[in-house]
Structure formats: C-alpha cells, structure tokens
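Before any comments, here is the structure.
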Amino acid sequence: MNILLVGATSAIAKAISRLYSERNARLFLIARNEARLMELSDDLTVRGAQSVDFHVMDITDTESHINAVSNAKSALENIDLALICHGSLPDQEICESDFEQAAQEIKINGLSVISLCTEISKLLKEQNSGTLAVITSVAGDRGRHLISFTGLPNLWYPHTCRA
Amino acid sequence: MQLHGWGRFPRKDADLLEPSSPESFLEIVSKKEIAGPLIARGGGRSYGDSALADTVLSSRFLDSFLEINSTNNTIRCGAGVSMDTVLKVIIPYGLFLPVLPGTKYVSVGGAVAADIHGKNHHRDGSFCDHVERFSLLLASGETIECSSIENKDAFQATCGGMGLTGVILEVTLKLEKVPSVTIKRKSIPAANLEECMDLIEENEGSKHSVAWVDCLAKGEELGRSVLHLAEHSEIGTREYKLRKGPSIPFSTPSFLINKFTTRLFNNSLYKLRKQTTEGRSVNYDAYFFPLDNIRNWNRLYGGKGFIQYQLVLPLESARTGLREIIDCVSESGKGSFISVLKKFGNKNENLLSFPIAGYTLSVDFKNEKKVFPLLKQLDEIVLANNGRLYLAKDSRMSEDVFKASYQSWEKFLEVKKELDPECRFASLQSTRLGLT
Ligand SMILES: Cc1cc2nc3c(=O)[nH]c(=O)nc-3n(C[C@H](O)[C@H](O)[C@H](O)COP(=O)(O)OP(=O)(O)OC[C@H]3O[C@@H](n4cnc5c(N)ncnc54)[C@H](O)[C@@H]3O)c2cc1C
C-alpha cells in the first residue's frame, strides 16, 4: 500500500504510519521539521516500511503544495491513501482578540487543508483510485463558540472533501 | 497521580511527566525548579518502589527505533521501546533477544537498569552482557555514551543501577540468530527439591531451564516441581505472534489467587503425571511469557497488592539454604502456590547486578501484616547463606540487609557521586536502602 501523510510527525500520524510500516507499506511523509522527519523515517524503516521518503514543507506555504504533492506522486507512483493529519490547537481567547493570530490559525487549520485537498483530489481523480481523509479533532465539535477556531476543520472540510 | 509498581505495593503520589523527546528530558532534568528526587520509569514492571519518587519521568515516548543491522545483528532503539515491540521487529529477520524476562512488557531501559536475567542465565549471562552501548542523560544535562570500554564506570553502575545514575536514552543491543521462534519444550516432573536440583544440573546443556516449584508441599514432597527445558526448534515459524487472552478488570478478593494458581499448576502436573513430555512445540510467547496472556493478573492479589520475594543463594549453600527457605514458606502456608527456581551462571562486573553463580527462587506473598515477620526470617536465612535479594522485585528490604549482601554498594556510591553529585536521581527504594 502507498501512503501519503501530511503532518507526519504529529502523534496520530506517527501511530498510523507505524501500523502501516508493520504491513510493509511505502510511505511519503510531509512535515516541517527535517530532523524529526529523518528520525521518523529511520524508525519506520526499522519497523518494516518498504520505503520511506519525505518532503520538508511549511504547511502555511500553500504555493508549495503542488510541488509537495507531485513529489509524493513521483515517489509513490500510485497513492492509495492520503491522510491529512496536521493542525494546531488554537487558543480561542487569543484568536478572538488578535486578528493576526486568528488569520494564522485559519491558514493552518483551514486554508492549508483546503489547498492540499484540492491538489490531492485532482491527483486521485487522475488515478481513478485512492482515498483521501482529513483527521480533525472532536474538540472542534464540542461546545462550539460562535466562531470556533478549533472547530474550523469540522465546519469546512465536509464541503471541500465532497466537492 | 498515584503510582505503584507491578506488585501494587507501595503506592505514591507522584508527578508523572512524559517528555516527548530526549531534548525534553534534558530540559526537565536541567530545570532546577524540580527540586525533589527524580527517577525514570519504563513499563512499570518492577514489583516494588524502584520507579517511584516525587517526580517520575516516563520513557513512554522514547519509543523510536534508530537502526537495525542484520549483518552485525544489532538494533538501536529508544529506552522506552518494549521487549514486545523489539521482538515484533526482529523476528522476521530470524533474530531474537538473547535474554528475556517473564513478561514482554518490560522496556529496554528497565531491562538495562535491572540488568535482568532470563531462563538461560546459566548459558548466556544477563541482559547487559548483550548491551553494546547506551546513551545516558546525566543530572548535569550532559549526555554520555557508555559501553564496557567507554565510560566503563558509568556503564557498570548503570547496568543494574535501578535508574540512579541518570536516564538511559538509547540502547544498542546485540541480538541472537535463531532458526525459528517455535520452542521445543520438554517438561520433567520432580518429586522434591533435591530431585529438581539434580535434574537442573543434569540438563545444564539445555538453552532454557526453569522449574515451577510447589512451595506449599511438605515433608517428602518438599519442593516438588516441574522442570521446563527449552530450545529454539530448527524447523518452525518466524512469525511474531501476540496471543489474546482475558483481562482481570479490577482487584479481586485475594483468596482467588491460590485457586487460580493451584489450577494452573495442577493442570501442568496433571499433564505430566505419568511421563515426561518430550519435545512439545509451542510458540515462544507461550513459553517465555505464560502470564502475559492474562492482562492485569496482578489484580488477583486484591487491593493491597503483593510482594515478590526473589533471592539467590551461591552454589555452595544453595541446597541446604533453599530447603530451609522452602520449609519456612511451606510451614507458614503463606507463599503463592507456584514459585520459580532457576540456576544462574557466573556473575558479571556490574556493581548492583543481582545474579551470582547459584540458585534463584522467587515466591509471591499477598501483602498482609503477618507476612513481614516471615520475610524478615527469610532475609536472615538468605544472609546466613551469603545470598541476596533482587532489587527489581524488592519493596521492603532493610538498608542493613542490602549493604550486607551487595558487596559493591560503596563503589556504586562513589560512581554515583561523580555522575550525580547533587543526588537528583533517587527513588523510594534507593532512600530506603541508604543509597541516596
Ligand atoms: C510477570 C513478570 C515477570 C518478570 N520476570 C522477570 C525475569 O524473568 N527476570 C528478571 O530479571 N526480571 C523479571 N521481571 C522484572 C522486570 O524485568 C524488571 O523489574 C524490569 O526492570 C522492569 O522494566 P520496566 O521497563 O517495567 O521498568 P520499571 O519497572 O518502570 O523501572 C524499573 C527500574 O528501571 C529504571 N528505569 C526504567 N527505565 C529507565 C531508563 N530509561 N533510564 C534509567 N532507568 C530506567 C527505573 O528507574 C527503576 O529503577 C518480571 C516482572 C514481571 C511483572
């Protein structure tokens, strides 16, 4: 199985990629911190991954998404599963009083995901196969404020993913 | 939160920190705000208070592999990786851990810190005899590399040093090539202790050897037992396998423990009553980790927990000394039904490692007031026979007994002072034993 993981060094992505490594999957990891990506790819290789490649990227740099996804495509050839696992845990109070911060959170948890979904789903359509999933937090559904920054993905993605 | 070891006694309110990387360990250890004693914790499978302190640093997230070398047969991993996870990775390569404890949920760091032994100590020594090197985070914030050549003093104090020299971060282990992980087992019944020890000696060539002893039998039958011998089978599977079994959901009334163990023991005796079972093939998991199949079996001893008393007596005095010990236990009627007897090979040079050439016996006791005077009595027999108790199982040994039986404790303290001059690393156990 060929798997693309975005936000690959997050705890949940790490756990998922370990499970797939045990099944000898081929993995392509995208995250921001190169040292941690290198450590993770060593770990996954020892655990049995058939191949592990990675790409260093700041997720808010949406212009670089096309390039990252096309690198994943060249490494994996066919993408069977793409998992978007990145995200931040915004501080609601700060976001309500600081627009810059709110905009940054919207970029991380909202726009970047839409951009990636757009690129990946184009590719999956071309392949005529593959699954795209976005991992969001249940915290976003709980006790939602009028404008909840944690809840952004839950509000936005059902629509984008369906598009 | 309240923490305890596998014996569920003693308990301690502690701050449990789970640093996410070696860097966050460094940050915490160098932070002077955490004034109280610190101690590392792995799988929490030591029985007593060796991983209890005001602040406990879990190695849970030191769980990465760094490298496997199938030419040199070595693996490098974080100290928080469990034996089970190592096995999962190495078995497909035809490799195996050269020393295994009775549970696979021990961490690699915990195995180094207790210099654990397996059922093959008589042939292969203890865990740290197969450790090529490790990195150790010191109280100063410095990380040093230790091996039997590099920083030798730190190596010998840390192997078996129960976390008192610092935090073990990464370990390189030498592995063993095996033809399969199917285990060929032979079980031989023994009418009493003498016969059992004769059988152990006669079968010293066997790779793995462990006897289950009935510590409640008396008179002629004192020490009646079943000796289990094992080898890796030449033909068999190379598949990692996890058996799934029941779980004990909460502490049960402690009288159940004897019904439970009695049945286990009787079953195995029943199967053997007529003859020795020859060459039965079983999966490694069933042979090495028979109790892992019942999750949380430690709850069977009830809410107050239990104590495992593990002693070793040197060869010269083992026969008479063990007889005296088992006699005492069987007279009291307090020990658990099954006790475990193994023969150890020679000791190594690590300062606080438990094994010495001789015989080791472990017996479980429910935690109750009346058991403490009995254990004191056993301590005296152990000391009179030049034996000692295993720190990884201990929760109640006195400073005097410890210092009289671990001859290298002063040398250990010298090294500890150099590595940890302010004594930041300390556990309830080390304070009780007068080491910190
Ligand atoms: C069912 C069962 C069977 C067992 N059978 C055997 C056996 O056959 N042979 C045997 O020798 N032992 C046996 N044991 C005991 C066990 O192997 C040891 O107690 C071992 O130390 C437990 O490792 P752990 O990771 O659970 O460590 P913990 O119990 O969490 O800690 C034990 C000690 O190791 C230290 N430590 C842990 N991690 C680190 C680290 N990263 N750096 C520095 N110090 C650290 C702690 O400070 C503490 O002093 C058994 C235990 C059980 C529950």
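The values are calculated or read from the model by the stated rules, or taken from the named source; none is laboratory data. Quick caveat, the model's predicted, so the values are computed rather than measured. Note that we place each Cβ from the backbone using ideal geometry, even for glycine, and neighbour counts take in every protein chain shown. We work out accessible area using only protein heavy atoms, side chains counted, and drop any ligands, DNA or RNA first. Shrake-Rupley method; radii C 1.70, N 1.55, O 1.52, S 1.80 Å.
Things to note:
- Screening the range B:8-71 for strands (runs of 3 or more DSSP E) wholly inside it with 1 or more residues that are touching a residue at least 40 places away in the same chain (Cβ under 8 Å) and within 14 Å of chain A (Cβ to nearest Cβ) returns the ranges B:65-69.
- Taken over the range A:30-51, the criterion of being in contact with a helix residue (DSSP H, G or I) (Cβ under 8 Å, 6 or more places away or on another chain), more than 12 Å from chain B (Cβ to nearest Cβ) and within 18 Å of B:GLU67 (Cβ to Cβ) is satisfied by A:SER51 alone.
- Some residue of the range B:80-92 being modelled with pLDDT under 95, assigned to a helix (DSSP H, G or I) and either more than 30 Å from B:ILE200 (Cα to Cα) or open to solvent by 10 Å² or more (accessible area, probe 1.4 Å) (or both): yes
- Pick from the range B:378-425, criterion away from the ligand (no atom under 15 Å from the Cβ) and either among the aliphatic types (A, V, I, L, M) or within 14 Å of chain A (Cβ to nearest Cβ) (or both), ranking: most open to solvent (accessible area, probe 1.4 Å): B:ALA384
- Taken as a whole, the condition of being open to solvent by 40 Å² or more (accessible area, probe 1.4 Å) and within 14 Å of another protein chain (Cβ to nearest Cβ) applies to A:ASN24.
- The residue list B:ILE183, B:ILE200 contains one member that is of a type outside the set (Gly, Ala, Ser), crowded, with 21+ Cβ neighbours inside 10 Å and within 26 Å of B:THR320 (Cα to Cα), which is B:ILE200.
- Top-ranked residue of the range B:239-255 - restricted to ones that are modelled with pLDDT under 75 and open to solvent by less than 60 Å² (accessible area, probe 1.4 Å), ranked as farthest from B:ASN367 (Cα to Cα): B:THR252
- Only one entry in B:LEU428, B:LEU435 is away from chain A (no Cβ under 14 Å), under 30 Å from B:LYS32 (Cα atoms), within 15 Å of the ligand (Cβ to nearest atom) and open to solvent by 20 Å² or more (accessible area, probe 1.4 Å), namely B:LEU428.
- When B:ARG319 is tested against (1) charged (D, E, K, R); (2) in contact with an Asp or Glu (Cβ under 9 Å, 6 or more places away or on another chain); (3) not in a helix (DSSP H, G or I), just one condition goes unmet, and that condition is (3).
- Each residue in the range B:161-175 was checked for being of a type in the set (Gly, Ala, Ser) and over 21 Å from B:VAL29 (Cα atoms), and 0 pass.
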